[in-house]
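A short write-up of the structure that comes next.
The values are calculated or read from the model by the stated rules, or taken from the named source; none is laboratory data. Just so it is clear, the structure is predicted and the values come from calculations on it, not from any experiment. Glycine gets a Cβ as well: all are built from the backbone with ideal geometry, and neighbour counts include every protein chain shown. Quick note on the areas: whole protein, heavy atoms, side chains included, nothing else; ligands and nucleic acids left out. Shrake-Rupley method; radii C 1.70, N 1.55, O 1.52, S 1.80 Å.
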Amino acid sequence: MEHIQPIRPGGWLPGLLGWALLAGCASQAPQSPAPANAAMDRSTMSLAEAPDVLLLGEQHDAAAHQQWQRATVAHWATRRQLAAVVLEMADAGHSTQGLAPSASDAQVQQALAWNDKGWPWRHYGPVVMAAVQAGVPVLGGNLPRAQMREVMQQTRWDSHLPAAAWQRQLDAMADGHCGLLPNHQLAPMARIQLAKDESMASTATAQLQPGKTVLLIAGRGHVLRSTGIPTWLPAGTRSVVAIGQAGNQAQADAADRDWVHSTPALPAEDHCAALREKWKQ
(Lines give C-alpha, C1' and ligand atoms only; values in the text may rest on other atoms or scores of the structure.)
Protein backbone atom coordinates (compact mmCIF):
# COMPACT_ATOMS: atom_id res chain seq x y z
CA MET A 1 0.00 0.00 0.00
CA GLU A 2 1.21 3.49 -0.84
CA HIS A 3 2.64 5.43 2.06
CA ILE A 4 1.10 8.79 2.90
CA GLN A 5 3.56 11.60 2.45
CA PRO A 6 3.97 13.85 5.49
CA ILE A 7 2.74 17.40 5.37
CA ARG A 8 5.82 19.49 5.93
CA PRO A 9 6.19 22.99 7.41
CA GLY A 10 5.83 25.79 4.91
CA GLY A 11 2.10 25.61 4.22
CA TRP A 12 -0.84 25.50 6.60
CA LEU A 13 0.66 23.04 9.10
CA PRO A 14 2.67 25.25 11.49
CA GLY A 15 -0.10 27.75 12.13
CA LEU A 16 -2.77 25.11 12.43
CA LEU A 17 -0.80 23.07 14.91
CA GLY A 18 0.30 26.04 16.93
CA TRP A 19 -3.27 27.34 17.21
CA ALA A 20 -5.65 24.43 17.05
CA LEU A 21 -3.82 21.22 17.84
CA LEU A 22 -1.87 22.50 20.80
CA ALA A 23 -4.04 25.30 22.07
CA GLY A 24 -3.67 26.35 25.67
CA CYS A 25 -0.30 24.68 26.24
CA ALA A 26 2.84 26.72 26.64
CA SER A 27 5.38 23.90 26.52
CA GLN A 28 4.94 22.77 22.93
CA ALA A 29 7.54 23.58 20.33
CA PRO A 30 8.29 22.17 16.90
CA GLN A 31 11.54 20.23 16.77
CA SER A 32 12.78 22.16 13.76
CA PRO A 33 13.06 25.92 13.20
CA ALA A 34 9.68 27.57 12.65
CA PRO A 35 9.12 28.79 9.09
CA ALA A 36 8.51 32.44 8.37
CA ASN A 37 4.74 32.08 8.09
CA ALA A 38 4.35 30.46 11.52
CA ALA A 39 3.16 33.78 12.91
CA MET A 40 0.38 34.08 10.30
CA ASP A 41 -3.03 35.41 11.35
CA ARG A 42 -4.48 32.11 12.50
CA SER A 43 -8.05 33.42 12.69
CA THR A 44 -8.18 33.46 8.87
CA MET A 45 -7.59 29.72 8.38
CA SER A 46 -10.55 27.97 6.76
CA LEU A 47 -12.08 24.59 7.56
CA ALA A 48 -10.56 23.25 4.35
CA GLU A 49 -7.14 23.57 5.95
CA ALA A 50 -7.94 21.01 8.67
CA PRO A 51 -6.25 17.61 8.24
CA ASP A 52 -8.41 14.61 7.50
CA VAL A 53 -6.84 12.65 10.33
CA LEU A 54 -4.94 14.05 13.30
CA LEU A 55 -2.96 11.38 15.15
CA LEU A 56 -1.86 11.94 18.74
CA GLY A 57 0.74 9.45 19.93
CA GLU A 58 0.94 9.23 23.70
CA GLN A 59 3.14 7.67 26.32
CA HIS A 60 0.54 5.68 28.21
CA ASP A 61 1.80 6.45 31.71
CA ALA A 62 2.16 10.20 31.12
CA ALA A 63 -0.89 11.90 32.62
CA ALA A 64 0.08 15.13 30.87
CA HIS A 65 -0.52 13.41 27.55
CA GLN A 66 -4.11 12.58 28.41
CA GLN A 67 -4.58 16.21 29.49
CA TRP A 68 -3.20 17.25 26.09
CA GLN A 69 -5.69 14.94 24.38
CA ARG A 70 -8.63 16.36 26.32
CA ALA A 71 -7.61 19.93 25.48
CA THR A 72 -7.30 19.00 21.81
CA VAL A 73 -10.74 17.35 21.77
CA ALA A 74 -12.31 20.38 23.43
CA HIS A 75 -10.64 22.84 21.09
CA TRP A 76 -11.65 21.14 17.85
CA ALA A 77 -15.14 20.31 19.10
CA THR A 78 -15.77 23.92 20.11
CA ARG A 79 -15.05 24.95 16.53
CA ARG A 80 -17.31 22.19 15.15
CA GLN A 81 -14.37 20.75 13.25
CA LEU A 82 -14.25 17.38 14.97
CA ALA A 83 -15.83 14.54 13.01
CA ALA A 84 -15.06 11.75 15.48
CA VAL A 85 -12.56 10.48 18.02
CA VAL A 86 -11.02 7.03 17.46
CA LEU A 87 -9.25 5.30 20.34
CA GLU A 88 -6.72 2.52 20.71
CA MET A 89 -8.17 2.14 24.22
CA ALA A 90 -11.41 0.49 23.03
CA ASP A 91 -12.03 -2.30 20.55
CA ALA A 92 -13.37 -1.77 17.04
CA GLY A 93 -17.09 -2.33 16.81
CA HIS A 94 -17.91 -0.34 19.94
CA SER A 95 -18.89 3.33 19.88
CA THR A 96 -20.88 6.05 21.60
CA GLN A 97 -22.91 6.72 18.45
CA GLY A 98 -26.54 6.98 19.48
CA LEU A 99 -25.79 8.18 22.99
CA ALA A 100 -27.00 11.61 24.06
CA PRO A 101 -24.48 14.28 25.08
CA SER A 102 -25.92 13.92 28.58
CA ALA A 103 -24.93 10.25 28.80
CA SER A 104 -23.29 9.22 32.05
CA ASP A 105 -19.79 7.88 32.43
CA ALA A 106 -21.26 4.45 33.11
CA GLN A 107 -23.34 4.53 29.92
CA VAL A 108 -20.33 5.57 27.88
CA GLN A 109 -18.13 2.86 29.37
CA GLN A 110 -20.80 0.27 28.61
CA ALA A 111 -21.16 1.48 25.01
CA LEU A 112 -17.39 1.21 24.49
CA ALA A 113 -17.06 -2.08 26.43
CA TRP A 114 -14.39 -0.27 28.38
CA ASN A 115 -11.60 -2.33 29.99
CA ASP A 116 -10.80 -0.31 33.10
CA LYS A 117 -8.03 -2.68 34.16
CA GLY A 118 -6.11 -2.17 30.96
CA TRP A 119 -7.02 1.49 30.45
CA PRO A 120 -7.99 3.23 33.72
CA TRP A 121 -11.11 5.32 33.17
CA ARG A 122 -9.81 7.94 35.57
CA HIS A 123 -7.10 8.68 33.01
CA TYR A 124 -9.08 8.47 29.77
CA GLY A 125 -12.61 9.24 30.93
CA PRO A 126 -12.13 13.04 30.75
CA VAL A 127 -10.90 12.71 27.13
CA VAL A 128 -13.84 10.53 26.11
CA MET A 129 -16.46 12.55 27.95
CA ALA A 130 -15.24 15.83 26.45
CA ALA A 131 -16.14 14.41 23.03
CA VAL A 132 -19.43 12.81 24.08
CA GLN A 133 -20.65 15.98 25.79
CA ALA A 134 -19.85 17.92 22.62
CA GLY A 135 -21.96 15.53 20.56
CA VAL A 136 -18.92 13.99 18.87
CA PRO A 137 -18.92 10.18 18.47
CA VAL A 138 -16.14 8.18 20.09
CA LEU A 139 -15.23 4.88 18.45
CA GLY A 140 -13.04 2.02 19.51
CA GLY A 141 -10.44 1.26 16.89
CA ASN A 142 -8.32 -1.49 18.37
CA LEU A 143 -8.13 -5.09 17.17
CA PRO A 144 -10.35 -7.24 19.40
CA ARG A 145 -8.38 -9.70 21.51
CA ALA A 146 -10.39 -12.62 20.08
CA GLN A 147 -8.82 -12.00 16.66
CA MET A 148 -5.21 -11.84 17.79
CA ARG A 149 -4.40 -15.54 17.74
CA GLU A 150 -5.56 -15.82 14.13
CA VAL A 151 -3.62 -12.72 13.10
CA MET A 152 -0.41 -14.13 14.58
CA GLN A 153 -0.50 -16.95 12.02
CA GLN A 154 -1.17 -14.76 8.97
CA THR A 155 2.02 -14.10 7.04
CA ARG A 156 0.32 -11.58 4.74
CA TRP A 157 1.08 -8.87 7.28
CA ASP A 158 4.81 -9.40 6.77
CA SER A 159 4.80 -7.78 3.33
CA HIS A 160 2.76 -4.66 4.07
CA LEU A 161 5.80 -2.54 4.96
CA PRO A 162 9.06 -2.12 3.06
CA ALA A 163 11.74 -4.49 4.31
CA ALA A 164 13.55 -1.87 6.40
CA ALA A 165 10.33 -0.71 8.08
CA TRP A 166 9.29 -4.32 8.78
CA GLN A 167 12.66 -4.89 10.43
CA ARG A 168 12.08 -1.82 12.60
CA GLN A 169 8.81 -3.36 13.74
CA LEU A 170 10.59 -6.60 14.63
CA ASP A 171 13.24 -4.66 16.51
CA ALA A 172 10.54 -2.70 18.33
CA MET A 173 8.92 -5.97 19.43
CA ALA A 174 12.25 -7.21 20.78
CA ASP A 175 13.01 -3.95 22.58
CA GLY A 176 9.47 -3.58 23.90
CA HIS A 177 9.69 -7.02 25.49
CA CYS A 178 13.17 -6.32 26.89
CA GLY A 179 14.80 -9.06 24.82
CA LEU A 180 12.73 -11.75 26.52
CA LEU A 181 10.83 -12.89 23.44
CA PRO A 182 12.34 -15.75 21.42
CA ASN A 183 13.14 -14.71 17.86
CA HIS A 184 10.43 -16.94 16.41
CA GLN A 185 7.79 -14.97 18.33
CA LEU A 186 8.83 -11.55 17.04
CA ALA A 187 7.02 -11.78 13.69
CA PRO A 188 3.71 -12.98 15.22
CA MET A 189 3.81 -10.11 17.70
CA ALA A 190 4.64 -7.60 14.95
CA ARG A 191 1.67 -8.91 12.94
CA ILE A 192 -0.61 -8.03 15.83
CA GLN A 193 0.87 -4.53 15.86
CA LEU A 194 0.17 -4.08 12.16
CA ALA A 195 -3.33 -5.51 12.49
CA LYS A 196 -4.06 -3.05 15.28
CA ASP A 197 -2.82 -0.21 13.08
CA GLU A 198 -4.96 -1.36 10.16
CA SER A 199 -8.02 -1.63 12.40
CA MET A 200 -7.58 1.89 13.76
CA ALA A 201 -6.93 3.32 10.30
CA SER A 202 -10.03 1.62 8.90
CA THR A 203 -12.18 2.93 11.74
CA ALA A 204 -10.87 6.46 11.23
CA THR A 205 -11.32 6.31 7.46
CA ALA A 206 -14.97 5.37 7.85
CA GLN A 207 -15.55 8.60 9.82
CA LEU A 208 -13.97 11.05 7.37
CA GLN A 209 -16.06 14.13 6.59
CA PRO A 210 -15.21 17.03 4.27
CA GLY A 211 -13.90 20.02 6.19
CA LYS A 212 -13.63 18.11 9.47
CA THR A 213 -10.95 16.17 11.30
CA VAL A 214 -10.95 12.69 12.78
CA LEU A 215 -8.84 12.66 15.94
CA LEU A 216 -7.05 9.36 16.53
CA ILE A 217 -5.49 8.67 19.93
CA ALA A 218 -3.07 5.80 20.36
CA GLY A 219 0.27 4.82 21.80
CA ARG A 220 3.24 6.54 20.23
CA GLY A 221 4.44 3.46 18.35
CA HIS A 222 1.13 3.13 16.52
CA VAL A 223 1.15 6.58 14.91
CA LEU A 224 4.65 6.65 13.38
CA ARG A 225 4.40 7.66 9.76
CA SER A 226 6.77 5.05 8.29
CA THR A 227 5.55 1.99 10.20
CA GLY A 228 2.18 2.70 11.79
CA ILE A 229 -1.38 3.81 11.15
CA PRO A 230 -0.50 6.35 8.40
CA THR A 231 0.71 3.48 6.17
CA TRP A 232 -2.86 2.12 6.16
CA LEU A 233 -4.68 5.36 5.34
CA PRO A 234 -6.00 5.74 1.78
CA ALA A 235 -3.80 7.54 -0.70
CA GLY A 236 -4.42 11.28 -0.60
CA THR A 237 -5.47 11.35 3.05
CA ARG A 238 -4.10 14.47 4.72
CA SER A 239 -2.71 13.33 8.05
CA VAL A 240 -0.80 15.07 10.82
CA VAL A 241 1.24 13.08 13.35
CA ALA A 242 1.90 14.64 16.75
CA ILE A 243 4.07 12.79 19.26
CA GLY A 244 3.86 13.20 23.02
CA GLN A 245 7.33 13.28 24.56
CA ALA A 246 7.93 13.20 28.31
CA GLY A 247 11.37 14.67 28.92
CA ASN A 248 14.11 15.67 26.52
CA GLN A 249 14.94 12.36 24.89
CA ALA A 250 13.56 12.17 21.35
CA GLN A 251 10.99 9.42 20.91
CA ALA A 252 10.55 9.49 17.14
CA ASP A 253 12.63 10.27 14.08
CA ALA A 254 11.83 13.54 12.33
CA ALA A 255 10.49 11.66 9.30
CA ASP A 256 7.96 9.84 11.48
CA ARG A 257 6.17 12.85 12.95
CA ASP A 258 5.17 16.41 12.19
CA TRP A 259 5.10 17.80 15.70
CA VAL A 260 6.40 17.02 19.18
CA HIS A 261 4.32 17.85 22.27
CA SER A 262 6.85 18.18 25.08
CA THR A 263 5.85 17.47 28.69
CA PRO A 264 7.91 17.15 31.89
CA ALA A 265 10.04 14.04 32.33
CA LEU A 266 8.62 11.20 34.39
CA PRO A 267 10.48 9.62 37.32
CA ALA A 268 13.00 7.04 36.14
CA GLU A 269 11.60 3.52 36.19
CA ASP A 270 13.12 0.22 35.04
CA HIS A 271 10.21 -1.34 33.19
CA CYS A 272 12.38 -4.22 32.02
CA ALA A 273 13.24 -5.20 35.59
CA ALA A 274 9.56 -5.42 36.43
CA LEU A 275 8.85 -7.41 33.27
CA ARG A 276 11.69 -9.86 33.93
CA GLU A 277 10.39 -10.44 37.44
CA LYS A 278 6.90 -11.07 36.08
CA TRP A 279 8.25 -13.58 33.54
CA LYS A 280 10.11 -15.44 36.30
CA GLN A 281 6.86 -15.86 38.18
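Below are the figures for this structure:
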{"item": "Whole-number accessible area per residue in Å² for the stretch 62-169, which is evaluated in the context of all protein chains at 1.4 Å", "result": "49 Å²"}
{"item": "Fraction in percent of alpha-carbon pairs per bin - 5 Å, the stretch 77-139", "result": "4, 20, 34, 26, 12, 4, 0"}
{"item": "Packing-based order for 116-126, 97-107, using average beta carbon neighbours within 10 Å, highest first", "result": "116-126, 97-107"}
{"item": "Spherically averaged projected area of the stretch 87-188 from its Cα convex hull (nm²)", "result": "8.2 nm²"}
{"item": "Overall Cα dimensions of the stretch 127-183, principal axis frame, Å, largest first", "result": "46, 24, 24"}
{"item": "Accessible surface of the stretch 142-281, 1.4 Å probe, proportion on carbon and sulfur as whole %", "result": "52 percent"}
{"item": "Cα centroid of the stretch 139-187 to Cα centroid of the stretch 66-138, whole Å", "result": "27 Å"}
{"item": "Of every Cα-Cα pair in the stretch 223-270, the percent that sits beyond 17 Å", "result": "41 percent"}
{"item": "Per-peptide average of other Cβ atoms within 10 Å, ordering 253-265, 73-85 highest first", "result": "73-85, 253-265"}
{"item": "Given charges at beta-carbon only (K, R positive; D, E negative), |dipole| of the stretch 174-281 in Debye", "result": "240 debye"}
{"item": "Value of Rg/Rh across the stretch 198-251 [Cα atoms, Kirkwood radius]", "result": "0.99"}
{"item": "Of every Cα-Cα pair in the stretch 128-281, the percent that sits beyond 25 Å", "result": "38 percent"}
{"item": "Hypothetical label at Q209: residues of the stretch 66-110 whose amide nitrogen lies under 12 Å (7 Å Cα-Cβ projection)", "result": "77-85"}
